[in-house]
Structure formats: structure tokens, C-alpha cells
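To start, the structure under review is shown below, and the notes come after it.
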Ligand code: NDP
């Protein structure tokens, strides 16, 4: 029987995941298809997943923490961070994984000499990246508001809001906020961002397929910058390994999935 996969999010219309996964399934001869589900209420995720009889799913903003709560079992890095972006239906049990952080590392792998990182935002993606990168790099966080920063503070990270931020030099600035996704907002006030970007050697916006205000500002000040396509590919490859029941190696899936970016 044809297997069915989906991405849950709000908004979700912009997602490239259906294209990436459907292309990969068809090229690898996997009898499966992948669709989008616009879900407003994250607490309904589990109910909708099983009502649609899905074999697996990806979860995007703002439901990654709700996805963690919806699982019967959470495996690997996702269990450390409480954030799930990939769901697998294992004989009626919902199993959660997180492939975002490994996907991000994959995208910055070629850049050397990065030691100090400033993450803009304090949501699910920020948490995944902060915990992963802090294993080898010095990571701080800057967020618009205070409440989501509390969990990072408890974990020992240096955290600031826009009002108490004390500038210093960072090698890498990463925008993990959704500012710029459906609007033209910068992830922090320009007075804070501009000097940080001038000093940084690399900036990454995890938003993909859009020349965001953050990326435009990087270009204006001459800082090397990349969008979220590399991370998208990396997390998609690792999710696909799970969707294809580990029948194909990550490198084999990557060599196929990367071609979906040319479509
Ligand atoms: P969350 O909803 O968990 O967190 C959103 C964060 O953005 C919060 O820190 C919030 O701040 C901040 N924020 C929202 N709007 C603004 C604004 N106008 N100005 C400043 N800060 C703002 O989102 P996720 O972590 O799940 O996703 C974040 C982004 O990452 C999305 O754009 C998503 O598409 C992208 N993404 C890309 C991936 C890829 O593969 N390339 C993979 C995963 C995510 P506050 O706490 O103050 O509300």
C-alpha cells in the first residue's frame, strides 16, 4: 500500500518539503507520497496524524514542542532538547526525532574558524542549534522577549533581550526567528544587528528560498551570508532516511534530493 507522509505547520504553504520528498521517493522507487497539512492548533497534531493514517511527518513552526508532547517515544537528540521535527508511525506508536540541528551543522561544515556564535531567537530551532553547537562552540542567545530565554539560562547559556544586550564580537550570527518569513521584519533592531554583522565572518538565516531583510542587511554591510537551503536539505535527507526505513544511506538520498532544488 502507498505510504503517506506530510508536513504540519502554520503557515505551511511555503514549505518545500513536499517537493523534496516526493522527488526523492519517485527517483528511489519508494511507493509513497508527501503532502502538506495546515494545522492551527498544535494540541490536535496527534489526532490529525492518526486520522490521516500517516506513516510519518515533518513538523515546522510553531508546533515542534507540541510534536514532542504528542509522541509515545522520543529518540536521540530530540529527547535531550524536547523539540521534535520528524514523526514516524511505528505500529501505531508515534516516535519522534529531531533532524534540524544535524541539518544545520551539515550546512556550515565548510566554514572554518568559527568559535563564537550568536543565535537570534529562542524557539524550537534555536534550542536545537544551541544545544548541538554548544558541544564544540561558544553559544549565546539574543531574543525579542524574556520568557523563552529562561530555559536557555537554566542550561547555562548567556542570554539577552534587545533591551539588556551588551555587544561583543561573534564569528557567526544565526537568525532562527521567524522574522522575515511572512513579513519584512529584521530579527532584532538594526542598531543592534548592523555592528554585529560588520564584525562577523559569517551569517546564516535559517529561512530559505527568500532574500530576507536579514540577508539583505548582510549584503549591505558586506558580510558573507547563506540562507536556510543547506539546513533544509540536511534535515530533509535525515528525515528521508527514516521515512525510507533506513533502506538507503544518507549520501545516496542526498545525491538525489539535492536535485529537487533545481526544480
Ligand atoms: P518558534 O515559533 O519556535 O520560535 C520563533 C522565534 O522567533 C521566537 O524566539 C520569537 O520570539 C521569534 N520571533 C518571531 N517573530 C519575530 C519578530 N518579528 N522579531 C523578532 N523575533 C521574532 O519557531 P521555530 O524555531 O520552529 O522556527 C523559526 C524559523 O526557522 C522559521 O522561519 C522556520 O521556517 C525556520 N526553519 C528553517 C529550517 C530549515 O531547514 N531551513 C528548519 C527549521 C526551521 P519571542 O520569543 O519573542 O516570541
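The values are calculated or read from the model by the stated rules, or taken from the named source; none is laboratory data. Since this is a predicted model, take the numbers as computed values, not measurements. Virtual Cβ from ideal backbone geometry, glycine too; neighbours counted across all protein chains shown.
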Within the range 151-163, residues assigned to a loop (DSSP other than H, G, I, E, B) and either touching a helix residue (DSSP H, G or I) at 6+ places or on another chain (Cβ under 8 Å) or within 14 Å of the ligand (Cβ to nearest atom) (or both) come out as 155, 157, 162, 163
Give just the number: which of (1) farther than 17 Å from residue 203 by Cα; (2) at pLDDT below 95; (3) not in a loop (DSSP other than H, G, I, E, B) does residue 135 not satisfy?
-> (3)
Could you list, in sequence order, the residues of the range 75-94 that are more than 17 Å from residue 123 (Cα to Cα) and crowded, with 23+ Cβ neighbours inside 10 Å?
-> 87
Considering only the range 2-25, state which residues are farther than 18 Å from residue 41 by Cα and assigned to a strand (DSSP E or B).
-> 3, 4, 5
Since residue 113 meets every condition but one in (1) in contact (Cβ under 8 Å) with a residue 60 or more places away in the chain; (2) over 20 Å from residue 229 (Cα atoms); (3) touching a helix residue (DSSP H, G or I) at 6+ places or on another chain (Cβ under 9 Å), which condition does it not meet?
-> (3)
Please indicate, with yes or no, whether at least one residue in the range 20-29 is closer than 23 Å to residue 245 by Cβ, over 22 Å from the mean Cα position of the chain (by Cα) and without any contact (Cβ under 8 Å) to a residue 40 or more places away in the chain.
-> yes
Where residue 161 falls short, out of the listed (1) crowded, with 20+ Cβ neighbours inside 10 Å; (2) in contact with a strand residue (DSSP E or B) (Cβ under 7 Å, 6 or more places away or on another chain) = (1)
Scanning the range 34-67 for residues that are assigned to a helix (DSSP H, G or I) and more than 16 Å from the ligand (Cβ to nearest atom), which turns out surrounded by the most Cβ atoms within 10 Å (Cβ to Cβ)?
-> 49
Are any of the residues in the range 164-174 at pLDDT 95 or above and assigned to a helix (DSSP H, G or I)?
-> no
Which one of these is within 12 Å of the ligand (Cβ to nearest atom) and either free of Cβ contacts under 8 Å to residues at least 24 places away in the same chain or at negative phi (or both): 171, 211, 185?
-> 185
What do you reckon, is residue 179 assigned to a loop (DSSP other than H, G, I, E, B), modelled with pLDDT under 95 and either under 18 Å from the mean Cα position of the chain (by Cα) or within 20 Å of residue 12 (Cα to Cα) (or both)?
-> no
Do we have any residue at all in the range 68-88 that's away from the ligand (no atom under 14 Å from the Cβ), assigned to a strand (DSSP E or B) and touching a residue at least 24 places away in the same chain (Cβ under 8 Å)?
-> yes
With criteria (1) surrounded by fewer than 21 Cβ atoms within 10 Å (Cβ to Cβ); (2) not in a loop (DSSP other than H, G, I, E, B), residue 193 comes up short on (1)
Give the range 214-232 a look and list any residue that's in a helix (DSSP H, G or I) and either within 14 Å of the ligand (Cβ to nearest atom) or under 22 Å from the mean Cα position of the chain (by Cα) (or both), or say none.
-> 214, 215, 216, 217, 218, 229, 230, 231, 232
Checked the range 110-150 for anything over 20 Å from residue 80 (Cα atoms), loosely packed, with under 14 Cβ neighbours inside 10 Å and more than 15 Å from the ligand (Cβ to nearest atom); matches are 110, 112, 113, 115
Which of (1) within 11 Å of the ligand (Cβ to nearest atom); (2) not in a helix (DSSP H, G or I) is the odd one out, the single condition residue 247 does not satisfy?
-> (1)
